[in-house]
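Okay, so here's the structure we're looking at.
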């Protein structure tokens, strides 16, 4: 069965779980001809199914005690349909609520309920339910349709769930897979998260290696255990061994007490070694032993090695294979940590999604700093589009945070962006310098900053819409007449006549 309502990943990539959940229930109701529905997600901390909202006739209804958690009963009473479905991992069909002991009455007109588990890595992530005011409303075909909706939507719900859980941390574990390059990254993340295999994340500085590593951990079965980070480049070489493996009192000058190492702290969870290429050769053998044998020895200890169960995720922007050939990195360690390699693309390879990414970072920065900034001007967007972003996603995020802080309006303008970005862009554009004692007009500056990039922007829109001026104008947010005027101004010609 095809689900045309779910054929756009862009729509369900929203980080807001209510948006995703609401859309999911709308699709579920449409597929089963139900009156209402709900999404229940498992809360590992509360050890139960969380009830956040219920959609009835396209209206989000707050249930009594928002944030209610359904837990298994210990008083002999029934657990209810949602929990029963979750615990069994099987669909639950109730075509007559008046005769079903598991039904908990909270809507007087509900006569039939259908619940299916939302599958994720071999176990339920939660439960999707629909309900009808008519008895015997649900057939085996409806069960299959709802199961398909749940399976199709699982990864979007998981992403949204993690985003909400980590919203206050300032580092949401969400990857916006809106380009083919990032969809491939996301596919690998989904495949490796459920395993315990070591993962090597590679890519240029600022491409999101830490984000991907956290995503792997928080999508794994170890998500409830520690996630410990060590930056191998930020710790002096003479202290790194103690940081990784700990030390005993008196092991060296200044060791006034026993210290637990990061490997021990990550026991049962994940250890993320950032900048692995900076790990000294002398420590590489000890790290290899910790991975292969699960044993660590604190510096200065004469006791038997301590057992640890750690999943290792490493990241680097160095070419480790080349370092192996040059004798600067152990080949056995390299082959051990690179069982699975996830290569992150640079921002310049998926700049088609720059506008979407920019809006995401704009919203995050505005919320973080309490500013009412909700848009990016066309001129500022043209500057961003023309920039090479050597600092990748990190540079884009920081640039928009800079702009949100400095802007005096509800819109980001070119002058709000970092000076280094404006200077780099105008240098490539080759503007004509104004006399030292003469300031250019605003229009002149606009032409110098934006003119060349606006022209390219128009060409890109026309290329994307295959010469359809009306469609290009809609994407640019202007009417057809204005778009033609801009084309004439910049000398942009159609390669063929638009239909």
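The values are calculated or read from the model by the stated rules, or taken from the named source; none is laboratory data. No experiment lies behind these values; they were computed from the predicted model shown. When we count neighbours, we look across all protein chains shown, and the Cβ atoms used for this are built from the backbone with ideal geometry, even at glycine.
A few comments on the model shown:
- Residue 96 being in contact with a helix residue (DSSP H, G or I) (Cβ under 8 Å, 6 or more places away or on another chain) and modelled with pLDDT of 75 or more: no
- Residue 452 falls short of the stated requirement of being surrounded by fewer than 17 Cβ atoms within 10 Å (Cβ to Cβ) and at pLDDT below 90.
- Residue in the stretch 49-67 that is exposed (fewer than 13 other Cβ atoms within 10 Å of the Cβ), modelled with pLDDT of 55 or more and either on the phi < 0 side of the Ramachandran plot or outside the structural domain of residue 218 (by TED's automatic domain parsing) (or both) present: no
- Checked against (1) at pLDDT 90 or above; (2) over 30 Å from residue 389 (Cα atoms); (3) assigned to a loop (DSSP other than H, G, I, E, B), residue 204 passes all but a single condition, namely (2).
- Some residue of the stretch 390-411 being outside the structural domain of residue 464 (by TED's automatic domain parsing) and in contact with a strand residue (DSSP E or B) (Cβ under 6 Å, 6 or more places away or on another chain): yes
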